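Some notes on the structure that comes next.
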Amino acid sequence: MRGLPQRLQGWAEQRLPALTRYRRPEDLPIELHRHRIYIVPTGFGLGFSALLLVMLVGALNYNNNSALLLTCLLGAASAASMLVAFRSLDGLRLEQVRAGHATAGGSIELTFTLQSGRPRSAIRLDLGNASASFALEGHDAALVKLALPTEVRGWQALPRLRLWSSWPLGMFRAWSWLHPTQSVLVWPRPEMAGPAPSAAADDARHMRLHRGEELAALRAYQAGDPQRHVAWKASARHDNLLVKDFEQPQNQPQWQLDWRQLRGMDNEARIARLARWLNEAQQHRRSFSLWLPGNEIGSGSGALHYARCMDALACLP
Amino acid sequence: MSQRPARPVPVAAVGQRSFDLLGLGMAFVLAVNAAHLPWWLSLALAFALGWRWWQRRQRAGRVPGWIKLPLLALLTLAVIVHYGNLFGRAPGTALAIGLLILKLLETESHRDVRVGVGFTCFTLMTALLFDQGMVSTVVVALGLLPALATLRALEPAQAPASVPRSLLSPLALLVAALPLALLAFLLVPRLSSPLWGAPSRDQARSGLSDRMSPGGFTELLTDDHPAMRVSFDGAPPPPDQRYFRAYVMARYDGVGWSYRDVANLPPAALDVAQAVKYRITLLPTHRHVLPTLDVPIDAPAGASMRRDRVVMAARPVDDALTYTLSSATQYQLEPGLDEHQRRWLQLPAGFNPRTLALGQSWRQRYGNDDAAIVRAALALFHDGGFRYTLAPAPLGRDAMDDFLFDTREGFCEHYSSAFTVLMRAAGIRARVVTGYQGGYWNKLGDYLLVRNSDAHAWSEVWLAGRGWVRVDPTAAVRPERVSLGAAVAAGDQLDWYHGDWLQGFRNRWDIVNRWWDQAVTGFDALRQRSLLTPFGIRDTDTTTLGVLLAIGTTLFIAIGLAWALLRRQSRDPLREALRELERKLAHQRIARRVGEGPQHYLSRAARTLPSQREELMKLTKCYLDLRYAHDEPPTESVHAFRRAVRDFRAKNVVQ
């Protein structure tokens, strides 16, 4: 036999999932329905009802039925706007949340996919201090982007979201709390400066990113070619622009980034250094491999590989 | 109006659309209120509105305080100078509308716009305090469109729409709200007496008064507002018998005639030969007198009959009043007149010597034949070169002398006054009666529309053996006044009279006004109490009304909620069929996991239910084909799939 408070709490949790303090995170997709949509009049709504009251008393006192009719119409329209506000949230579905990439301390861009069967206007999504408003047109999904500030690397649970709307007249505010189970992975913050990876030290002269010294050929200009590669003198003698084509850069040696090399540092400093190296390698389009305790990632290059390595770094205990 | 301190959070600027709509709403308010504002104030406010709109187009921002504050002071001063007061209906309205326009000068934030919209709605209502007609009510209600559209435009992220479209967008909301509004209108308990001082509305409203002097009707005769509407039990009396008496005037002081109200005296004797029953709806006059056809037989409830058969209501008619009466159309009124009733022969000393002399000369010529004297007077009016005009020359001290022997032009007041003086000079008891004569018979609505311009004055003379006899000297001069009505008699002297078709239309249109006056304007506390009479409840008190209002509102809320909660199911038969299959499998504890695709799920089911493996594999293939092989799956195949799902029976798992 549980005590009354527990039972009440259980009931509230079940019936009023969005309002109670014990909001359990939910799996996506989350569909809003009448159990979790709340409506209160806004400050303007309260002020407006006071005004309606004044108009009502005035019309009654002056025994002016036309004015009374006008007041009743305005009051009924205001009351009906409450239902419209409710309906603008009811049935709205949060389908998925996609997270971008961000390093700790920056803000991560979240893309929320919201869908519903009918057009809706002026719905707002609040996440902490950030807020975005959007409209839905028919069956099309709305993609809402919001930035979530981050502080530390690793998995970060999504905070509670608030979907709300004061459509159509701004007199009532309908809202609902959403707490998706989803977490986003925040990459570690790289250190500001530090040594280059030691594995590459014996190959220092190749550290500099260089193109071949020798001019290999001239070719026609293509959109996107850097301006300083244009062979202006040669181009002057031709109809179209010519671009100097340099020899491909030498095969750069691959970086073997290894957790074990960074002895005598604490874990976070190691992670920060590895993150910086990963960044540099990615910038210079080097191929690299990464060894982490319990996780070894073979050599590779490209954005996907970089992301995989950063993820692994972020997930370190 | 005062400058607010700068806020810590930056104020969200108001979009051009919201501002335009707000300005439009305010212009509308100005337009519907212009009729009762001084023209220079309307003009100045319209200019301020236009200037502000132009100014904000150039550069957004509040108008600085050094412009606003003097304008505010100027507005207050102008209202005080013009009305002599800041409070009361007219000055209050003028001030409110001025403040509304000035509010636009500082409107830059969402909050400002919302305050402006609330104030707009309020000032729309003030227009109705001056005119409650149906047309003006509808026009004023249209003013809600820009106001509500402004509020909508404040909301972020909505589909783009043109100005006319966004103006019409709140229409659906208003139409949806109409039933609830009507219910509330019907059931909101009316006050039987005002909460605070009754508004002083009787200013400057022309109407019949208990005093009549030649030329006093001029304003009334050019006023085409309805005065009353009369419907008869049976056929209406012919046009020349539609005399509605208000005041019977005995006293003449040389300038004009006046009625003296004496209560608690029995009404004069009346022998009725023919009577007619009728119902009058009298529009507010702010006076006690109730006009009645010819000679009333009795007084309606809440009114009493005075000694000269003038009907006086207990309270001034401040709201439209409907009363039912019987009147005699053929009768002998006071046939045995008391010799002591000298007041019917009263004449002021030292006025109109020539008129008195003329009356006395008739007495000498015709001897005792009173009827001949009456005929002589009418012949004088008919043949004496008299002219009917609504703009007669002014008269001097001896008004009747001037009129009879000099100007010879005037309208009913002049003729009845001169005739009565002549009769009294000849020793015949006579009096002036004022009221209405004529009216427009509306065939569609079976009622007689009597306008203020139908006000009329005639005379009554007492003839031995016949009692009081009505004599209308105006008819001797211009018979059309009696047979065709005031408007025709006046001809082109009335600026509102524009030929036949327009007048005809106005007269026919009046049936709508009449309906409005009865159904809406006249729906007062009394009518509300008898609201449920058809259902057997004689007296509907405030509690019952409140309960009804609560029930009705709940009903509408239920309907509204049903609409709001209505979910249109996704019309995807394929998905529904799959759902059904999932339900059937779930009974066998093969629930689809979160994020599990249909193929994975169904093959898992097939593994769990080996006996139905074949069937499930077929269903899977069928579903995947329908879902992914086509953009739009063929209807027959979808139906076949649904049938197959329906026929599918999950057998128990053999443990």
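The values are calculated or read from the model by the stated rules, or taken from the named source; none is laboratory data. Everything numeric in this text was worked out from a predicted model, so none of it was measured. Backbone-built Cβ (ideal geometry, glycine too); neighbour counts: all protein chains shown.
Among the listed residues B:Leu548, B:Leu602, identify the single one that is more than 30 Å from B:Ala184 (Cβ to Cβ), in contact with a helix residue (DSSP H, G or I) (Cβ under 6 Å, 6 or more places away or on another chain) and either away from chain A (no Cβ under 14 Å) or in contact (Cβ under 8 Å) with a residue 40 or more places away in the chain (or both).
Numbers: B:Leu548 fails: more than 30 Å from B:Ala184 (Cβ to Cβ).
Going through B:Leu548, B:Leu602 in turn, just one is more than 30 Å from B:Ala184 (Cβ to Cβ), in contact with a helix residue (DSSP H, G or I) (Cβ under 6 Å, 6 or more places away or on another chain) and either away from chain A (no Cβ under 14 Å) or in contact (Cβ under 8 Å) with a residue 40 or more places away in the chain (or both): B:Leu602.
Regarding the stretch A:88-106, can at least one residue be identified that is assigned to a helix (DSSP H, G or I) and either more than 7 Å from chain B (Cβ to nearest Cβ) or more than 22 Å from A:Pro159 (Cα to Cα) (or both)? Before you say what the answer is, go through the steps one by one.
Going residue by residue through the stretch A:88-106, those that are assigned to a helix (DSSP H, G or I) are A:88-89.
Going one step further and asking which of them are either more than 7 Å from chain B (Cβ to nearest Cβ) or more than 22 Å from A:Pro159 (Cα to Cα) (or both), we end up with A:88-89.
Yes.
For the stretch B:276-291, the set of residues classified as within 21 Å of the chain's Cα centre (by Cα) and either under 15 Å from B:Tyr436 (Cβ atoms) or of a type in the set (A, V, I, L, M, F, W, C) (or both) consists of B:Ile280, B:Thr281, B:Leu282, B:Leu283, B:Thr285, B:Arg287, listed by residue number. Determine, yes or no, whether B:Pro353 is out of contact with any Pro (no Cβ under 8 Å at 6 or more places or on another chain) and within 30 Å of B:Val520 (Cβ to Cβ). No: the conditions fail for B:Pro353.
When residues in the stretch A:107-142 are screened for being more than 13 Å from chain B (Cβ to nearest Cβ) and not in a loop (DSSP other than H, G, I, E, B), 9 of them pass.
The set of residues in the stretch B:541-600 being within 60 Å of the chain's Cα centre (by Cα), outside any helix (DSSP H, G or I) and polar (S, T, N, Q) consists of B:Gln569, B:Ser570. Applying the set (1) exposed (fewer than 11 other Cβ atoms within 10 Å of the Cβ); (2) within 30 Å of B:Thr281 (Cα to Cα); (3) within 14 Å of chain A (Cβ to nearest Cβ) to B:Ala562 leaves exactly one unmet item: (2).
Cβ-Cβ under 9 Å, sequence separation 6+ or interchain: first residue in the stretch B:357-383 and in contact (Cβ under 8 Å) with a residue 40 or more places away in the chain, partner among the polar types (S, T, N, Q). Which pairs? Once the first residue is in contact (Cβ under 8 Å) with a residue 40 or more places away in the chain and sits in the stretch B:357-383, its partners that are among the polar types (S, T, N, Q) give B:Phe381/B:Thr474.
With respect to the conditions (1) facing chain A (nearest Cβ under 10 Å); (2) out of contact with any Phe, Trp or Tyr (no Cβ under 7 Å at 6 or more places or on another chain); (3) not acidic (Asp, Glu), B:Leu95 falls short on a single one, namely (1). Looking at B:Ala349, B:Ala399, B:Ala391, just one residue is aliphatic (A, V, I, L, M) and either touching an Asp or Glu at 6+ places or on another chain (Cβ under 7 Å) or without any contact (Cβ under 8 Å) to a residue 24 or more places away in the chain (or both), and that residue is B:Ala349.
Does at least one position in the stretch B:214-233 carry a residue that is more than 20 Å from B:Pro284 (Cα to Cα), modelled with pLDDT of 85 or more and assigned to a loop (DSSP other than H, G, I, E, B)? The answer is yes, given that some residue of the stretch B:214-233 is more than 20 Å from B:Pro284 (Cα to Cα), modelled with pLDDT of 85 or more and assigned to a loop (DSSP other than H, G, I, E, B). Could you tell me whether the stretch A:296-315 includes any residue that is in contact with a His (Cβ under 8 Å, 6 or more places away or on another chain), more than 25 Å from A:Gln156 (Cα to Cα) and not in a helix (DSSP H, G or I)? No; the residues of the stretch A:296-315 include none that is in contact with a His (Cβ under 8 Å, 6 or more places away or on another chain), more than 25 Å from A:Gln156 (Cα to Cα) and not in a helix (DSSP H, G or I). Are any residues in the stretch B:135-168 surrounded by 17 or more Cβ atoms within 10 Å (Cβ to Cβ), within 20 Å of A:Gly138 (Cα to Cα) and facing chain A (nearest Cβ under 8 Å), and if so, which ones? Result: B:Arg152, B:Glu155, B:Pro156, B:Ala157, B:Gln158. The set of residues from the stretch B:561-577 being free of Cβ contacts under 8 Å to residues at least 60 places away in the same chain and not acidic (Asp, Glu) comprises B:Leu561, B:Ala562, B:Trp563, B:Ala564, B:Leu565, B:Leu566, B:Arg567, B:Arg568, B:Gln569, B:Ser570, B:Arg571, B:Arg575.
Scoring B:Arg111 on the criteria (1) more than 14 Å from every other protein chain (Cβ to nearest Cβ); (2) within 24 Å of B:Ala153 (Cα to Cα); (3) over 29 Å from the mean Cα position of the chain (by Cα) leaves a single failure, condition (1).
Going by the structure shown, is B:Thr137 closer than 30 Å to A:Ser131 by Cβ and of a type in the set (S, T, N, Q)? Lay out the reasoning, then the answer.
Values: closer than 30 Å to A:Ser131 by Cβ: no; of a type in the set (S, T, N, Q): yes.
Answer is no for this residue.
Going by the structure shown, is B:Ser192 in contact (Cβ under 8 Å) with a residue 40 or more places away in the chain, within 10 Å of another protein chain (Cβ to nearest Cβ) and of a type in the set (Gly, Ala, Ser)?
Working: in contact (Cβ under 8 Å) with a residue 40 or more places away in the chain: yes; within 10 Å of another protein chain (Cβ to nearest Cβ): yes; of a type in the set (Gly, Ala, Ser): yes.
When the stated conditions are applied, B:Ser192 passes them.
Residues in the stretch B:405-426 that are modelled with pLDDT under 90 and surrounded by fewer than 24 Cβ atoms within 10 Å (Cβ to Cβ): 4 in all. Look at (1) touching a residue at least 60 places away in the same chain (Cβ under 8 Å); (2) assigned by TED's automatic domain parsing to the domain that holds B:His110; (3) surrounded by fewer than 19 Cβ atoms within 10 Å (Cβ to Cβ) and you find that B:Gln132 fails only one, number (3). The single condition among (1) part of a helix (DSSP H, G or I); (2) surrounded by fewer than 24 Cβ atoms within 10 Å (Cβ to Cβ) that B:Arg397 does not meet is (1).
When the criteria are applied in full, B:Ala629 fails the requirement of being more than 60 Å from the chain's Cα centre (by Cα), within 15 Å of B:Arg583 (Cα to Cα) and of a type in the set (Gly, Ala, Ser). Evaluation of A:Asn64 against the conditions (1) within 26 Å of B:Ser193 (Cβ to Cβ); (2) in contact with a Phe, Trp or Tyr (Cβ under 9 Å, 6 or more places away or on another chain); (3) not hydroxyl-bearing (Ser, Thr, Tyr) shows that the sole unmet condition is (2). Looking across A:Ala204, A:Ala216, A:Ala200, one residue alone is modelled with pLDDT under 80, in a helix (DSSP H, G or I) and either crowded, with 16+ Cβ neighbours inside 10 Å or touching a Phe, Trp or Tyr at 6+ places or on another chain (Cβ under 7 Å) (or both). It is A:Ala200.
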